[in-house]
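See structure below.
Here, each number is a calculation from the coordinates, and none is a lab measurement. Keep in mind that what you see is a predicted model, and the values were worked out from it rather than measured. Reconstructed Cβ throughout: ideal geometry from the backbone, glycine too, with neighbour counts over all protein chains shown.
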Amino acid sequence: MGDVRHACAFFSGVDEAYRVLLPFIAEGFDRGDKAIHVISPDDEAEHLERLASAGIDPGHARATGQLELRNTTDVYLNGGRFDQDRMLASFETIAAANASSGFPATRIVCNMDWTADHRPQHEDIIEFEARVVTEVAEAGPFWEAEPEHQDYLERVPNGYTCHFPRPGWVLPRRLVSLA
């Protein structure tokens, strides 16, 4: 990811998430970056096992301060409610504290599956994610999706559209070029 500080991704399951994220996480450990992982306490044991399966020694990383685990409820729902301004301030505090800690960079990996239980706050969560994004880069190579994923919403009108509900959203009509 180079110097990108934030990425937001949606996964179809835990295995896919780790397949995509573990190389990014392992690269950070190899570079000596600080790692802050925000996960559900129920997922801690599996998370540490997944790190170990990628060649990372979580016990050593925690002992040296390179790996820090934080609880999703404490981080995102402090006081029982998501507050994007508090979260931005919290991330800035983390970044400032780690700037003087001797680590070249900090990689924060957060599991956001808790958002499924907080539907009234989805707009705030989406806005927060947009505010955290710090870089827009030119897109890399494009790979066409598998045939079963092409025109999915046209074939399955009430199918999955996004991680967050978007009231009133409709699939845009595709413009056909007559060239």
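Starting from the Cα of Arg31, step 7 Å toward the Cβ, then list every residue of segment 71-98 with an amide N under 16 Å from that point.
95, 98
Charges at C-beta only: +1 for Lys and Arg, -1 for Asp and Glu. How large is the resulting dipole of segment 14-132 about its Cα centre, in Debye rounded to 20?
380 debye
Please report the relative contact order for segment 14-132, taking Cα pairs under 8 Å with a sequence separation of at least 6, and give it as a percent rounded to a whole number.
Computed value for segment 14-132: 34 percent relative contact order.
Arranged by the count of other C-beta atoms within 10 angstrom, fewest first, what order do His122, His60 take?
In increasing order of surrounding Cβ atoms, one gets His60, His122.
How far is it, in nm, from the label point at Asp42 to the one at Glu92 when both lie 7 Å from their Cα along the line to the Cβ?
Taking the simple label geometry, Asp42 and Glu92 are separated by 3.4 nm.
Any idea how far apart Leu69 and Ala105 come out in nm if each label point goes 7 Å out from Cα toward Cβ?
Placing both labels 7 Å beyond Cα along the Cβ direction yields 2.5 nm.
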